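For reference, the structure discussed in these notes is given below.
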Amino acid sequence: MHYEGIEEFATDYPYRIELKDDLFEIRRIKPETTVTLPLNRIKSFSTMEEEKFMLKYHGQAKNTSKMKGVNKYYLVVEYDKGILAFWGTAKEYKYFITLQYATNSEVPSHIEL
């Protein structure tokens, strides 16, 4: 689920995210819209539980889940112009972790524009 970072995209609406060659792709299903971000513009991928995300980026550790017993996890994509944030449940969290560790070692620590 997209949480924040792309103004034109709804919050809490499902999107497909994927690495394709040297691009990070975000795809809305209906109506179909694709956003791409070159990997060389990405500083890092990080994953965190909801309370940590809310504290770090919104100043207050809170739980926004409307479903009891369901934890939310966030994927934060930090890039040269800001952040993109996506959330998912434990099922998506495994993918978030894989994405974080697969890409952070390849992303340069300095990006020149």
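The values are calculated or read from the model by the stated rules, or taken from the named source; none is laboratory data. Since the structure is predicted, the reported quantities are computational estimates derived from the model, not experimental observations. All Cβ positions, even for glycine, are placed from backbone atoms using ideal geometry, and neighbour counts span all protein chains on display. Side chains included, ligands, DNA and RNA excluded: accessible areas come from the protein's heavy atoms. Shrake-Rupley method; radii C 1.70, N 1.55, O 1.52, S 1.80 Å.
Take LYS66 and decide whether it is farther than 19 Å from ALA10 by Cβ, among the basic types (Lys, Arg) and open to solvent by 50 Å² or more (accessible area, probe 1.4 Å). Here the answer is no, as LYS66 does not meet what is asked.
When restricted to residues that are without any contact (Cβ under 8 Å) to a residue 60 or more places away in the chain, more than 19 Å from THR98 (Cβ to Cβ), open to solvent by less than 90 Å² (accessible area, probe 1.4 Å) and not hydroxyl-bearing (Ser, Thr, Tyr), segment 32-57 contains 5.
Output yes when any residue across segment 58-74 is in contact (Cβ under 8 Å) with a residue 40 or more places away in the chain and within 17 Å of GLN100 (Cα to Cα), and no when none is. So far as segment 58-74 goes, yes, one or more of its residues are in contact (Cβ under 8 Å) with a residue 40 or more places away in the chain and within 17 Å of GLN100 (Cα to Cα).
Whether any residue in segment 3-16 is open to solvent by less than 80 Å² (accessible area, probe 1.4 Å), farther than 17 Å from LEU99 by Cβ and in contact with a helix residue (DSSP H, G or I) (Cβ under 9 Å, 6 or more places away or on another chain) is what I want to check. Scanning segment 3-16, I find at least one residue that is open to solvent by less than 80 Å² (accessible area, probe 1.4 Å), farther than 17 Å from LEU99 by Cβ and in contact with a helix residue (DSSP H, G or I) (Cβ under 9 Å, 6 or more places away or on another chain), so the answer is yes. The set of residues in segment 76-104 that are under 16 Å from SER65 (Cβ atoms) and either free of Cβ contacts under 8 Å to residues at least 60 places away in the same chain or in contact with a Cys (Cβ under 8 Å, 6 or more places away or on another chain) (or both) comprises THR89, ALA90, LYS91, GLU92, TYR93.
Within segment 79-93, restricting attention to residues that are farther than 14 Å from GLU49 by Cβ and surrounded by fewer than 16 Cβ atoms within 10 Å (Cβ to Cβ), the residue that is modelled with the lowest pLDDT is LYS91. Answer yes if at least one residue in segment 68-77 is in contact with a helix residue (DSSP H, G or I) (Cβ under 7 Å, 6 or more places away or on another chain), of a type in the set (Lys, Arg) and modelled with pLDDT of 90 or more, and no otherwise. Checked against the condition, which is being in contact with a helix residue (DSSP H, G or I) (Cβ under 7 Å, 6 or more places away or on another chain), of a type in the set (Lys, Arg) and modelled with pLDDT of 90 or more, segment 68-77 yields at least one hit.
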